[in-house]
Protein chains: 2
Amino acid sequence: MALDAGVLTELESIVGREHVRHEQGEVAPYARDATPLFSSPPDAVVFPARTEEVAAVLRLATARRIPVVPRGAGSNLCAATVPLQGGILLVLTRMDRVLEISTEELLVRAEPGATTATVAEAAAAQGLLFAPDPGSRTVSTVGGNVATCAGGLRGLKYGVTRNYVLGLEVVLPTGEVIRTGGRLWKDVAGYDLTRLLTGSEGTLGVITEVTLALLPMPATASTGVAYFSSLAEAGRAVTQVLAHGVVPATLEFLDRTCIGAVEDYARLGLRGDAGALLLFGDDGEPDAVERNLTRMGELCADEGALEVTVAKEIAQSEALLAARRCALPALSRLDTLTVLEDVTVPRPRLAEMVDRIEAVAARHDLLIGTFGHAGDGNLHPTAVVDVRDPAAADRTHAAFAEIFAAALELDGTITGEHGVGAAKLPYLRDRLGDDQMALLRRIKTAFDPAGILNPGKTGS
Amino acid sequence: MALDAGVLTELESIVGREHVRHEQGEVAPYARDATPLFSSPPDAVVFPARTEEVAAVLRLATARRIPVVPRGAGSNLCAATVPLQGGILLVLTRMDRVLEISTEELLVRAEPGATTATVAEAAAAQGLLFAPDPGSRTVSTVGGNVATCAGGLRGLKYGVTRNYVLGLEVVLPTGEVIRTGGRLWKDVAGYDLTRLLTGSEGTLGVITEVTLALLPMPATASTGVAYFSSLAEAGRAVTQVLAHGVVPATLEFLDRTCIGAVEDYARLGLRGDAGALLLFGDDGEPDAVERNLTRMGELCADEGALEVTVAKEIAQSEALLAARRCALPALSRLDTLTVLEDVTVPRPRLAEMVDRIEAVAARHDLLIGTFGHAGDGNLHPTAVVDVRDPAAADRTHAAFAEIFAAALELDGTITGEHGVGAAKLPYLRDRLGDDQMALLRRIKTAFDPAGILNPGKTGS
């Protein structure tokens, strides 16, 4: 759809002329987010600065039946912020202030466009930890974190974004501004809209302020690495760690393909003969961290690890973590198109799932490396596709359809932390069933009777 | 309303004749839950044994527009399970099996009628901790815990029930059976119905199975007690504990009235000259627990504690906790009617809130003792009312209306862990505002188009 001149004039009167873009060259960069293969330009990009401006835009959009897609940095990996039906892309990056940090109440209040790293650093400056730690933290916004219920590397010990959202200010598609929750951990007054909106991916309301819980900053942190012949052995080591009462901050793995890619890329001195690499780490009081690292190293050795190294100092700990952090850039370098996916299976079935992924990759003649969060069963199978091969995209889609089906067969899910967006919507029914899909649509309508907010995504 | 004979026959054919009660003498005991002053008998009490029976009852009820109130033990304190409009009381206590405990996946699957204690003990037998710890644990059911998002004594370190619900099987009022979530910590496929249903107090669906996360059992636990001249001092000590990076398992307080009542009741040797008693405790590895207890004791002393005792052994630790556990029975003993309320304020405002409560009590000539969870700002002001005084109930209602208003003024909430039910519904609008109340009603309709499920409560 094209917006008529009257709508553009109204938008300009709401946010100021310099904060509305509608020329083709201006809107084209906003046709995509970080998801490959999805692209659709908005008719206008609008940058509000205040909640009242967001409310005015939404009232206008509902009155005129114009699609609105809210977004922050657009770093999501499921095409959640691609404006499939055009309309208005509402970019919240001007609303980027950290409004308050309370050391007494252990919370931060921020506008949605503040980056995760900005919030985490503001908290750290007061001796506090913002626990959610998505890989995209330097660019992703806290509003986007909440909208996608972002996960990250510390999920097992610390949980995901959902566990830290105390309260939200949200503008409904019809323009009302509501405040859900507040500053409290214990509050059961009314339905839990705070959690319902967390992970709703901009389909139910536009988040204009977040109140997030913080924790005291752990005194120290350390990391170790273990190599195994196979992922099955690494998986058994993870089970043993938890069986021995250790719930560590870090339990990350790389498969054989990822180890090779990282070594080619970064020359970290990783073993080339290993079938799996397990990073384990913890934070807290120094003696507890040392005890847990030692125990985890011993349990890895007991399960037949080829080699175990525990960092002696922070610099070494950072060097070990580098292997995990550069898994994606290392894979991306192999070719020009990288499709990073996201499934979760019950922890004991992790090795089985990676076997399934390897079989799917072989069947479709694809290179798929898998890394992820061994502690919570969250895997990131990543296909590396030659873009000069026009059939490769089709094979990739076919392969991932089989991978999602395999995850469901193993009592898992089609997305652990990236979200549904447009990319996973075709698979959502397989996960939820017809009755639950119908219920999601009725809930969507309860929030958005005109269906203007992020159409073509969950609830549509 | 009275149920016609045809409906009773249908109910009997669904669950078996012996599992339907409808004689006045049979239904009268189900007119109340644990909430004083609320009473309304159901027309029939139905005890299903299987999910399909629940579904059949709900289909019948929707078709015939018969109110249905689901409940477990009926131990809630907000009249959430009083059948205000009669109809069917659906009691789920026959569905009381623990279906599975997975030590590898750290979870328990159970039917809703299993008691909290049964689930906790089954987990403990496998070396696992079910963290939510409501005071009612020996009688309350896990289905009721989830339906009310029960809190408890370990909220600060471990969070509330919401943080442990992985998945639910739920029957919608129209009879569809859906499964939300599953066995995973990381799962963002679709709106977070698991959390929306948690705390929805039987107004959106009937929970027929729960999957709950467990934790490794802490190796040890210990407790200390500190007396202060005033609650303000105790509050400052709590702030200091958190400022020093300790997030303990236990931070409970009793005010002067409660200390006196407990001492009269149980003769524990509590100090009569104290204005506040603070219980502090932690669990985990022995050295960490000892360090945290010592540190908390020192911080209490620094804030001017009259006396600090740290338990030397488990028996002493239990003895110290006894003071907190018998606060309610001690108050109840003073007279025959005890109204136990539940508000939360931001942690730094706890002493201010208790001052407000004392002023309200004096103004209305009431005895109100306050105890609760200092760590998360959750207070239980408890009015002890002479039932021979007919005006006392009115004064109690008037006093609590002022107490709820005071909590909201201090950025708090009208219920931290007990729920809204019928008792708090008159105050919910003050907390949420008109727009959010309207949204709750639309969400309710999305689940329950005929409005049969727990009418007269949240969403009605």
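The values are calculated or read from the model by the stated rules, or taken from the named source; none is laboratory data. Everything numeric in this text was worked out from a predicted model, so none of it was measured. Neighbour counts are summed over all protein chains in view; Cβ atoms, including those assigned to glycine, are modelled from backbone coordinates with ideal geometry. The area values use the complete protein model at the heavy-atom level, side chains included, leaving out ligands, DNA and RNA. Shrake-Rupley method; radii C 1.70, N 1.55, O 1.52, S 1.80 Å.
Things to note:
- In this label model, B:L367 and A:R64 are separated by 6.7 nm, measuring between points 7 Å along each Cα→Cβ vector.
- Carbon and sulfur %, accessible surface of the protein assembly as shown computed with the full protein complex present, 1.4 Å: 49 percent
- The range A:220-325 shape via C-alpha gyration tensor axes, a/c threshold 1.5: oblate
- Across identical copies of the chain, A:A243 has label-point separations of 4.6 nm, listed in ascending order, with the point defined 7 angstrom from Cα along Cα→Cβ.
- Shape call, the range A:27-138: gyration tensor on alpha carbons, a/c limit 1.5: oblate
- Rounded tilt (10° steps) of B:314-325 against the dominant C-alpha axis of chain B: 70 degrees
- With all protein chains kept in place, the per residue accessible area of chain A amounts to 34 square angstrom at a probe of 1.4 angstrom.
- Between the range A:63-95 and the range A:260-327, the alpha-carbon center distance in angstrom: 40 Å
- Take every pair of alpha-carbon atoms less than 8 Å apart whose residues are at least six positions apart; their mean separation over the length of the range B:5-91 yields a relative contact order of 34 percent.
- Dipole in debye (nearest 20) - the range B:304-453, about Cα centre, beta carbon charges: Lys, Arg +1; Asp, Glu -1: 340 debye
- Rh (Kirkwood; distinct C-alpha pairs) - the protein assembly as shown, Å: 28.7 Å
- Taking the square roots of 5 times each eigenvalue of the Cα gyration tensor of the range B:383-436, largest first, gives ellipsoid semi-axes of 24, 12, 10 Å.
- Estimated 222 nm signal from helices in chain B, with DSSP H stretches of n ≥ 4 weighted -39500 (n - 2.57), rounded to 500: -11500 deg cm²/dmol
- Among beta bridges from DSSP that stay inside the protein assembly as shown, the antiparallel ones total about 90%.
- Chain A: angle of helix A:51-64 to the longest principal axis, Cα-based, in degrees nearest 10: 70 degrees
- B:A219 long-range amide H proximity, modeled H, under 5 Å: B:G284, B:E285
- Mean separation of Cα pairs under 8 Å and 6 or more residues apart, divided by the residue count, gives chain A a relative contact order of 15 percent.
- As an equivalent ellipsoid, chain A spans semi-axes of 38, 26, 19 angstrom, where each value is the square root of five times an eigenvalue of the C-alpha gyration tensor, largest first.
- Degrees between helix B:286-302 axis and first principal axis of chain B (Cα, 0 to 90, nearest 10): 60 degrees
- Exposed-loop-free span, longest in chain B, where GluC sites (Glu not before Pro) count as exposed if DSSP calls them loop and at most 12 other C-beta atoms lie within 10 Å: B:24-312
- Shown here is the pair-distance distribution of the range A:98-216: with all Cα-Cα distances grouped in 10 Å bins from zero up to the longest one, the shares run 15, 50, 30, 4, 0 percent.
- Whole-number D in µm²/s for the range B:296-428 (Stokes-Einstein; Kirkwood sum over Cα pairs; 37 °C, 0.692 mPa s): 203 µm²/s
- Spacing of the modelled spin labels on B:R271 and B:T138, each 7 Å from Cα toward Cβ, amounts to 3.1 nm.
- For chain A, the longest piece that avoids every one of the trypsin sites (Lys or Arg not before Pro) found in DSSP loops with at most 16 other C-beta atoms within 10 Å covers A:98-266.
- Global geometry of the range A:114-160, whether rounded, prolate or oblate, following the gyration tensor of its Cα atoms and the 1.5 cut on a/c: oblate
- Summed over both chains, the accessible area lost when A and B associate is about 6500 Å², using a 1.4 Å probe.
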